[in-house]
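Have a look at the structure below before the remarks.
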Amino acid sequence: MEGVLNERTRTVHKKGVENPHSRSKCGATKGVSHDQIRAVRVERAVEDFDAHRCGRCFSDAGGY
Ligand SMILES: [Zn+2]
């Protein structure tokens, strides 16, 4: 699955296909500068960057 990783917060989001400008599905990366955002597969972000999945983008991610 294609995703976007916020390298600062180490959160991976679903790619925002509905709104390309927000980059992530939930819009959380909207105000984040471009050099902190990396387009990467979700599985790879979790494995290689030790990122956690955004609870708003992934309903199965748990948490709040
Ligand atoms: Zn998100």
Item checked: Selected residue (criterion: modelled with the highest pLDDT) from residues of segment 14-64 that are open to solvent by 70 Å² or more (accessible area, probe 1.4 Å), more than 16 Å from M1 (Cα to Cα) and not in a loop (DSSP other than H, G, I, E, B) -> D35
Margin query: Looking at segment 34-55 only, could you name the residues that are within 15 Å of the ligand (Cβ to nearest atom) and free of Cβ contacts under 8 Å to residues at least 40 places away in the same chain?
Written below: Q36, I37, R38, A39, V40, V46, G55
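The values are calculated or read from the model by the stated rules, or taken from the named source; none is laboratory data. Quantities reported herein were computed from a predicted structural model and do not represent experimental measurements. FYI the Cβ positions are ideal-geometry reconstructions off the backbone, even for glycines, and counts take in every protein chain you see. Surface accessibility is based on the protein's heavy atoms, side chains included, excluding ligands, DNA and RNA. Shrake-Rupley method; radii C 1.70, N 1.55, O 1.52, S 1.80 Å.
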